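The values are calculated or read from the model by the stated rules, or taken from the named source; none is laboratory data. Bear in mind that the values here come from a model prediction, so they are computed numbers and not experimental data. Don't worry about glycine lacking a Cβ; one is built from the backbone with ideal geometry, like all the others, and counts go over all protein chains shown.
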Amino acid sequence: MALWMVRVGRSGEHERHFRENDRIYLTWDELQEKSLLKTKDQGGVMSLLNKVFPDRSQQQNAAWAFQIDRFIHTMKLGDLTASPLPASSTILFAKIVGDYEFDPSAPIPYRHSRRVEWIGEPRPRTALDEDIKASLSAAVTICSIAKNDAESRIRKFLKLGGPVPSPTMESAAGVAPHSKRHPTCENWRETESRSSFLHVSRARRWSAWSRASLPHRDFTPS
């Protein structure tokens, strides 16, 4: 099982639609006309993006493909999601109970979705440990939260309703370090942090990647 961050917009503008329909969504406006059911993996998503957006850079399409692939192919039934709600400084948790669906009759931007079961009411950010709060600040729309056995800790937190247990070292928990081929929320934050110390050309490349990964240009992490 895994724990995923899935944002509901810059100011939580999609929260009501998410909750009323018991679904999480890919809210990229530019992708609402195309089903992604025929893509088999991240490479397939990348090929589709290159066809739909031939004027976008490979780097920009790759950033989108990474996140879309996780939503379409990597998320599993039973996985948990965490959606930050900036206005109330809370986190909305859910369990995934449905596979990816495309509904061409749904209003834009709600055509790509998965069914979920919401787990109670949103929980205050202050109830979470600092490492999990930091992961939820990653400047992307979709990513996995995996460091320090986060998924197991959140499952315990949601069951008991109390503070999240203190994090354990990955080595002690028997969790192997995550490969750069499979970035997590933590990897995105580390890359963002390092970019401020790199040569300006590399910083510019990261900036382009960050902008490409966020479908709403005015997005600010909650």
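Odds and ends about this structure:
Residue-by-condition table, conditions (1) closer than 12 Å to Ile142 by Cβ; (2) at pLDDT below 95; (3) polar (S, T, N, Q):
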site: Leu49; (1), (2), (3): no, yes, no
site: Ser57; (1), (2), (3): no, yes, yes
site: Gln60; (1), (2), (3): no, yes, yes
site: Ala63; (1), (2), (3): yes, yes, no
site: Phe66; (1), (2), (3): yes, yes, no
site: Ile72; (1), (2), (3): yes, no, no
site: Pro84; (1), (2), (3): no, no, no
site: Leu92; (1), (2), (3): no, no, no
site: Gly98; (1), (2), (3): no, no, no
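- Filtered residues of region 2-37 (kept if modelled with pLDDT under 90, on the phi < 0 side of the Ramachandran plot and in a loop (DSSP other than H, G, I, E, B)): Arg10, Ser11, Trp28, Gln32, Glu33, Lys34, Ser35, Leu37
- Per-region count, region 39-97, residues assigned to a helix (DSSP H, G or I), more than 13 Å from the chain's Cα centre (by Cα) and of a type in the set (D, E, K, R): 1
- Selected residue [in contact with a Lys or Arg (Cβ under 7 Å, 6 or more places away or on another chain) and in a loop (DSSP other than H, G, I, E, B)] from Pro104, Pro109: Pro104
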